[in-house]
Amino acid sequence: MVLDAKIQEGILTELGEQVSAFPRLPGVYLMKNNEGAVIYVGKAKDLRARVKTYFLGGDGRRQIQFLMQRVHTLEKIVTAGEQQALVLERDLITKYKPRYNIRLKDDKAFLSIRVDENEEWPRLELVRKREDDGARYFGPYSFSYELRSMLEIIKRVVPLRTCSNTVFFNRQRPCLEYQIKRCCGPCCLPVGREEYHKLVRQAISFLSGKTDRLFDELTAQMEKASADLRFEDAALLRDRLNLLTQFKAGSALVSSRGEDRDVFALYREERLAALSVIKVRAGRVAESKNFTFTDVEVADEEVLESALLQYYEKGREIPEEVILPIELPNASMLKEALVAKREAAIELTVPERGIKARLLDLALVNAREHFVATFDSETRYKELARKLSLKLKLRQIPRRIECVDISNLQGSDIVGALVSFFDGVPDKTSYRKYKISHEGKPDDFAAINEVVGRRLERGKAEEGLPDLLLIDGGPGQLAMALEARDALGVELEIISIAKMRTESDVRSNEINKKPERIYIEGVKEPIELDEADDVTQFLQRIRDEVHRFVITFHRNTRAGRVFRSQLDDIPGVGPERRARLLKHFSSTARIEQASVEEIAKMGRMPVSLAERILERIKK
């Protein structure tokens, strides 16, 4: 629950004074809301310095303001050292399950490979859900096409059964898979269990990335078959070795030194985030895991710190190097904790170039793709619209946003246009074009007033008004739009977007380097937008779309007027003759340079009509 702004401001002032008295020692801090519930737990090697950052506006963490609106009390627990703070933080998060702490949950959307070695005749199964059933699981794999391609190679190298138990235990004779040498036929043929489980272990070696061991086993089997004069078996093993060699040559070698690394990348849009971890073993990409988070109200550094600890606390193998996208403030604490778990040295690296940087880029691509796959467009737009409404101080979160723009050339053919976006997507059925009644002297202000008035008048009659109206222009254009709205007695929020520019900017062609600004009714100073912010990019996309739409409409209007005035108004020149003339001459300017005879011939018309055309064009 969010308290009144003035009450919350007083609470934060008191809390800030308390924090000034915090010791400069390692420990854990708990943030609670006005109902006494723990909403966030954090660790620090210096409690006073760490917690104090939450009360500073310039620490660069955009989400902290949201979190601090809900904090009512602060508690601290001093620990004997940094490692104890790490352990205590994890215990408290497990106990209280704070809303704004990151909780790492395995992704269930991607495919994994299940192998149950306890079965009599194990097989490789594709599953989406892992269970605590004693089976071994490999994955999850982000790219199903690559996974299925790998399984196809395994089937051709290691002839395990692929059929379900129902089919397997009811077969009377071997199937086609046996005929094409992709199954050893344990359903009907006398295949020894030990021999079959040896094949299962080979498949597991393949999935574990230990293809060298499998290669040596197949080579030894081939040589033994050849020595025993079993040439058909030797040829079959030779073919499997060739397939394995081709797979090894084409697999993703990312380092010739054979290092083991884990690569972490985070992709985030406001309170939604996706984390991707790429596992590199023996210099090759072995697998990737993906996680998603909602309601993220802390900085990226805190997300990564928490995710890193939770990822390795479940008994996962810790490699010799962990690659991260950004420097972490508690890197030394994390490193000590991981070294204690691994019982060997470990490096935390933030690369800028080379193989490690390329691995980081690959992980970021995985994180971004997983983000898009997990959070549908509606969810992402809700988050964007929430941020937009906060930034622009809107009364409601807008779903339908419409934008108006005007186009003219020295006062001729002045036109207006309106585009409509619903839940962040263009709704082209609601696009509108307007021919403006004001001609002669260009007057964008009067044109804005007319277009907005006509749109709102129709919307009022049909009960179809947008949630937000965006005007392409500055405070002058906004004032005319508000005037049209007030004249109709309509309740509607209207804002305008424009670049900050001066006369010198126009002369020096520096307009595109100036920041975008939003003008709001009743607010004297405009809101300056950050070019890198997703709200800015969204508003720019709407403004660019209306600009494209109105420019196209203006060009078509001018072109139609030029052709109509010079050819269509001439008696005797119908659509067919006009089309023939324009097809041959391309323009009226070229018709003007032609002879009467050529015009008559190309237009298939009398000479007298060709003379009238030439006379009219030259006027």
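Provide a single number: the residues in the range 268-300 that are assigned to a strand (DSSP E or B) and at pLDDT 80 or above. Walk me through how you get there before you give the answer.
Within the range 268-300, the subset assigned to a strand (DSSP E or B) is 268-269, 272-281, 284-293.
Among the residues that remain, those that are also at pLDDT 80 or above are: 268-269, 272-280, 289-293.
Selection size over the range 268-300: 16.
Does Val415 satisfy being surrounded by 16 or more Cβ atoms within 10 Å (Cβ to Cβ) and touching a Phe, Trp or Tyr at 6+ places or on another chain (Cβ under 6 Å)?
Working: surrounded by 16 or more Cβ atoms within 10 Å (Cβ to Cβ): yes; touching a Phe, Trp or Tyr at 6+ places or on another chain (Cβ under 6 Å): yes.
The answer is yes for Val415.
Whether any residue in the range 135-149 is at pLDDT 80 or above, closer than 22 Å to Asn165 by Cβ, in contact with a Pro (Cβ under 6 Å, 6 or more places away or on another chain) and not assigned by TED's automatic domain parsing to the domain that holds Val303 is what I want to check. Please lay out each step first, then the result.
Keep residues of the range 135-149 that are at pLDDT 80 or above, which gives 135-137.
Narrowing the set further to residues that are closer than 22 Å to Asn165 by Cβ leaves 135-137.
With in contact with a Pro (Cβ under 6 Å, 6 or more places away or on another chain) added as a condition, the list becomes none.
Scanning the range 135-149, I find no residue that is at pLDDT 80 or above, closer than 22 Å to Asn165 by Cβ, in contact with a Pro (Cβ under 6 Å, 6 or more places away or on another chain) and not assigned by TED's automatic domain parsing to the domain that holds Val303, so the answer is no.
Here's a check for you: in the range 313-329, which residue that is closer than 20 Å to Leu362 by Cβ and β-branched (Val, Ile, Thr) is surrounded by the most Cβ atoms within 10 Å (Cβ to Cβ)?
Only one residue tops the list, namely Ile323.
If I ask for residues that are modelled with pLDDT of 80 or more and not in a helix (DSSP H, G or I), which ones from the range 429-455 would you list?
Within the range 429-455, Tyr431, Arg432, Lys433, Tyr434, Lys435, Ile436 qualify.
So which of Arg616, Arg604 ends up being at pLDDT 85 or above and within 60 Å of the chain's Cα centre (by Cα)? Show your work before the answer.
Details: Arg616 fails: at pLDDT 85 or above.
That would be Arg604, the only listed residue that is at pLDDT 85 or above and within 60 Å of the chain's Cα centre (by Cα).
Out of all the residues in the range 502-534, which are modelled with pLDDT of 75 or more and in a helix (DSSP H, G or I)? Talk me through it step by step, then tell me what you get.
The initial filter retains those residues of the range 502-534 that are modelled with pLDDT of 75 or more, namely 515-531, 533-534.
Once the filter is applied, which keeps residues that are modelled with pLDDT of 75 or more and in a helix (DSSP H, G or I), the range 502-534 yields only Asp534.
Return the residues of the range 152-170 that are under 40 Å from the mean Cα position of the chain (by Cα) and either of a type in the set (D, E, K, R) or under 15 Å from Arg182 (Cα atoms) (or both); say none if nothing qualifies. Write out each step before concluding.
Of the residues in the range 152-170, the ones under 40 Å from the mean Cα position of the chain (by Cα) are 152-158, 160-164.
Within the range 152-170, Glu152, Ile153, Ile154, Lys155, Arg156, Val157, Val158, Leu160, Arg161, Thr162, Cys163 qualify.
Need the failing condition index for Leu465 against (1) out of contact with any helix residue (DSSP H, G or I) (no Cβ under 7 Å at 6 or more places or on another chain); (2) assigned to a loop (DSSP other than H, G, I, E, B), just the number.
Among (1) out of contact with any helix residue (DSSP H, G or I) (no Cβ under 7 Å at 6 or more places or on another chain); (2) assigned to a loop (DSSP other than H, G, I, E, B), Leu465 violates only (1).
Name the one entry in Asp486, Asp472 that is modelled with pLDDT of 90 or more and loosely packed, with under 12 Cβ neighbours inside 10 Å. Steps first, answer last, please.
Details: Asp472 fails: loosely packed, with under 12 Cβ neighbours inside 10 Å.
The match here is Asp486.
Could you run through the range 341-355 and say how many residues are surrounded by 14 or more Cβ atoms within 10 Å (Cβ to Cβ), farther than 13 Å from Asp260 by Cβ and out of contact with any helix residue (DSSP H, G or I) (no Cβ under 8 Å at 6 or more places or on another chain)?
Total satisfying the criteria: 2.
Quick check, is Lys335 charged (D, E, K, R), at negative phi and at pLDDT below 85?
no
Name every residue in the range 309-320 that is within 18 Å of Pro98 (Cα to Cα) and either modelled with pLDDT under 85 or of a type in the set (A, V, I, L, M, F, W, C) (or both), in order of residue number.
Leu309
Can you pull out every residue in the range 469-490 that is within 12 Å of Glu521 (Cβ to Cβ) and not in a helix (DSSP H, G or I)? Break it down stepwise before answering.
To start, the set of residues in the range 469-490 that are within 12 Å of Glu521 (Cβ to Cβ) comprises 469, 471, 475, 478-479, 481-483, 485-486.
Leu469, Ile471, listed by residue number.
Suppose we filter Ser377, Ser332 for residues that are under 30 Å from Pro26 (Cα atoms), surrounded by fewer than 18 Cβ atoms within 10 Å (Cβ to Cβ) and polar (S, T, N, Q); which single one remains? Before the answer, list the steps.
Numbers: Ser377 fails: under 30 Å from Pro26 (Cα atoms).
The unique qualifying residue is Ser332.
Against the definition (farther than 30 Å from Gly473 by Cα and either within 34 Å of the chain's Cα centre (by Cα) or modelled with pLDDT of 80 or more (or both)), how does Ile591 come out, yes or no? Let's see the steps before the verdict.
Values: farther than 30 Å from Gly473 by Cα: yes; either within 34 Å of the chain's Cα centre (by Cα) or modelled with pLDDT of 80 or more (or both): yes.
Here the answer is yes, as Ile591 does meet what is asked.
Find all pairs meeting these conditions: Cβ atoms under 9 angstrom apart; at least six residues apart or on different chains; first residue within the range 64-79 and under 12 Å from Gly16 (Cα atoms); second residue hydrophobic (A, V, I, L, M, F, W, C) and part of a strand (DSSP E or B).
So the pair list comes out as Met68/Met31; Val71/Met31; Val71/Ile39; His72/Met31; Thr73/Leu30; Thr73/Met31; Leu74/Leu30; Leu74/Met31.
For the range 223-254, which residues satisfy the criterion of being under 24 Å from Ala282 (Cβ atoms) and either at pLDDT 75 or above or among the β-branched types (Val, Ile, Thr) (or both)?
Thr245, Val254 - these are the residues of the range 223-254 that are under 24 Å from Ala282 (Cβ atoms) and either at pLDDT 75 or above or among the β-branched types (Val, Ile, Thr) (or both).
Do you know which of the residues in the range 37-81 that are at pLDDT 80 or above and acidic (Asp, Glu) is surrounded by the fewest Cβ atoms within 10 Å (Cβ to Cβ)?
Glu75
The values are calculated or read from the model by the stated rules, or taken from the named source; none is laboratory data. Computed from a predicted model, the values in this text were never measured in an experiment. We place every Cβ from the backbone using ideal geometry, glycine too, and count neighbours over all the protein chains shown.
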